[in-house]
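Written below as structure tokens is the structure these notes are about.
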Protein chains: 2
Amino acid sequence: MQLINNGKTKDVYKLSNGNLLLEFKDDVTGKDGVFDPGANEVGLKMEGAGQAGLKLSKFFFETFKRRGLPTHYISADTEKRTMEVLEAKPFGEGLECICRYKAIGSFYRRFGKYVKEGQDLDGFVEITIKDDSAGDPPISKSALLMLGILTEDEYNMIIKLTKEISDIVKEILATRGLSLYDIKLEFGKDKNGDIMLIDEISGGNMRVYKGEESVTPLELPGLLLD
Amino acid sequence: MQLINNGKTKDVYKLSNGNLLLEFKDDVTGKDGVFDPGANEVGLKMEGAGQAGLKLSKFFFETFKRRGLPTHYISADTEKRTMEVLEAKPFGEGLECICRYKAIGSFYRRFGKYVKEGQDLDGFVEITIKDDSAGDPPISKSALLMLGILTEDEYNMIIKLTKEISDIVKEILATRGLSLYDIKLEFGKDKNGDIMLIDEISGGNMRVYKGEESVTPLELPGLLLD
């Protein structure tokens, strides 16, 4: 089993069957000790974060699979903190798709002239490029097409899937009295070029609130799965 | 004549006939004494910049008018450094439309992972919102529509006009051996809601090169008009 990437929150191994094994770590992104799914740095270590992230990913990916949505998920071992997935080719050097239900974070910092902080958004989707040194900048459809990162069909499919998947997460959270403020998804292509949801779906890539209180990635599995 | 806005590079007066009078100042945007059309601050004072900006604006607006393009321009007095224009309603609290022929400036800072610095771009148009405190962030078509800043028709018209007008400026500069790297335009609506080009068209809102050398706003009229 060969380590092919030592990531911020996961290590990635290549399996002999051609699939990948993701090993979840106890690191979460943030800054100055405060959790922030939009941050680039590993800001803090949370004992149990890896297992919490994997439990949620397993739950969500199995839900999406049942609903016929394309994902890279094959199986998960929550004790070993590993998830087996299909190998995926990223778009360009990697994109992140953010679905927003509240005007907060970088959206509010950019467009605060036109929205109130915390104002409802109807699942507004934005795409950013993965580039730590440039601060993961947002990128428009026209720039994605012009730079050859996505075709128009790929763009439309990714926007549609982001909205569909995020809406499912939002509904599931709502059944437990939890509010989804925003969520970050990643997509890749399988060996046939078909688009699928990749990475993880956990408290680490979404902002969740219970009433006025922010729910941490560690608290989420208990509130959602028990 | 009532002063209605004390701007970074122009003062704006309301005339008794309902039109506006723009008085061009000798200030240009930049930072630390270096001219930068993308900057928010008035970085330096250049003796003669106001008259240079007005001479070019007069020349370009009269060219656009002859070609049937909609502008706010009525007349200009280069001695008095004033330009009479139609009153315009901005989109939202103001947008800037950038047409890019070279990957430089903020485009390169954001998308340097996908382009070489200085690489040719085919008149790629981006829109930013005017908001100094947020650093004039780029805004996508979907955000412009969602926030109610533009309708889809207005968006399409503004992109089309930006490309058309910028291409004309680029061609005119080329006849004098000058290269247009990027240019920033502004649009507004007249009293009937029709879209027109507003603000100024001068060395202050474009990056121009002669070979490897950057052309300053003060040098441009001499190179272009004499």
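The values are calculated or read from the model by the stated rules, or taken from the named source; none is laboratory data. Predicted model, so just to flag it, every value in this text is computed and none were measured. For neighbour counting, all protein chains shown are included, and Cβ atoms are generated from backbone atoms with ideal geometry for every residue, glycine included.
Which of the numbered conditions does A:Lys191 fail, given that it passes all the others? Conditions: (1) more than 14 Å from chain B (Cβ to nearest Cβ); (2) surrounded by 19 or more Cβ atoms within 10 Å (Cβ to Cβ); (3) closer than 24 Å to A:Gly7 by Cα.
For A:Lys191, the exception is condition (2).
Taking helices (runs of 4 or more DSSP H) that fall entirely within the stretch B:134-226, which contain at least 3 residues that are over 21 Å from B:Met83 (Cα atoms) and either without any contact (Cβ under 8 Å) to a residue 24 or more places away in the chain or in contact with a Leu (Cβ under 9 Å, 6 or more places away or on another chain) (or both)?
B:141-146, B:152-174
Which numbered condition in (1) in the same structural domain as A:Thr9 (by TED's automatic domain parsing); (2) within 30 Å of B:Val115 (Cα to Cα) is the only one that A:Gly94 fails?
With (1) in the same structural domain as A:Thr9 (by TED's automatic domain parsing); (2) within 30 Å of B:Val115 (Cα to Cα) applied to A:Gly94, the lone miss is (1).
Exactly one of these conditions fails for A:Ser142: (1) surrounded by fewer than 19 Cβ atoms within 10 Å (Cβ to Cβ); (2) within 10 Å of another protein chain (Cβ to nearest Cβ); (3) under 16 Å from A:Asp182 (Cα atoms). Give me its number.
(3)
Residue-by-condition table, conditions (1) touching a helix residue (DSSP H, G or I) at 6+ places or on another chain (Cβ under 7 Å); (2) under 21 Å from A:Ile98 (Cα atoms); (3) not in a loop (DSSP other than H, G, I, E, B):
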| residue | (1), (2), (3) |
| --- | --- |
| A:Leu3 | no, no, yes |
| A:Tyr13 | no, no, yes |
| A:Glu23 | no, no, yes |
| A:Pro37 | yes, yes, no |
| A:Glu47 | no, no, no |
| A:Gly50 | no, no, yes |
| A:Gly53 | yes, yes, yes |
| A:Lys58 | no, yes, yes |
| A:Phe61 | no, yes, yes |
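Just one of B:Ala88, B:Ala103 is more than 30 Å from B:Lys116 (Cβ to Cβ) and aliphatic (A, V, I, L, M); which is it?
It is B:Ala88.
Out of curiosity, is A:Arg66 within 30 Å of A:Glu152 (Cα to Cα) and without any contact (Cβ under 8 Å) to a residue 24 or more places away in the chain?
yes
Could you say whether any residue in the stretch A:151-168 is at the interface with chain B (Cβ under 8 Å from one of its Cβ atoms) and not acidic (Asp, Glu)?
No, the conditions are met nowhere in the stretch A:151-168.
With the requirement that a residue be in contact with a helix residue (DSSP H, G or I) (Cβ under 9 Å, 6 or more places away or on another chain) and in a strand (DSSP E or B), what does the stretch A:120-133 give you?
A:Leu121, A:Asp122, A:Gly123, A:Phe124, A:Val125, A:Glu126, A:Ile127, A:Thr128, A:Ile129
Under the condition of being of a type outside the set (Phe, Trp, Tyr), at the interface with chain A (Cβ under 8 Å from one of its Cβ atoms) and within 16 Å of the chain's Cα centre (by Cα), which residue from the stretch B:121-130 is farthest from B:Arg100 (Cα to Cα)?
So the residue we want is B:Ile129.
Please go through the stretch A:194-226 and give me each residue that is among the aliphatic types (A, V, I, L, M) and surrounded by 15 or more Cβ atoms within 10 Å (Cβ to Cβ), ordered by number.
Scanning the stretch A:194-226 gives A:Ile195, A:Met196, A:Leu197, A:Ile198, A:Ile201, A:Met206, A:Val208, A:Val215, A:Leu218, A:Leu220, A:Leu223, A:Leu224.
Restricting the stretch B:64-119 to residues that are part of a helix (DSSP H, G or I) and closer than 16 Å to B:Ile198 by Cβ, which is nearest to the other protein chains (Cβ to nearest Cβ)?
Checking each candidate, the answer is B:Phe64.
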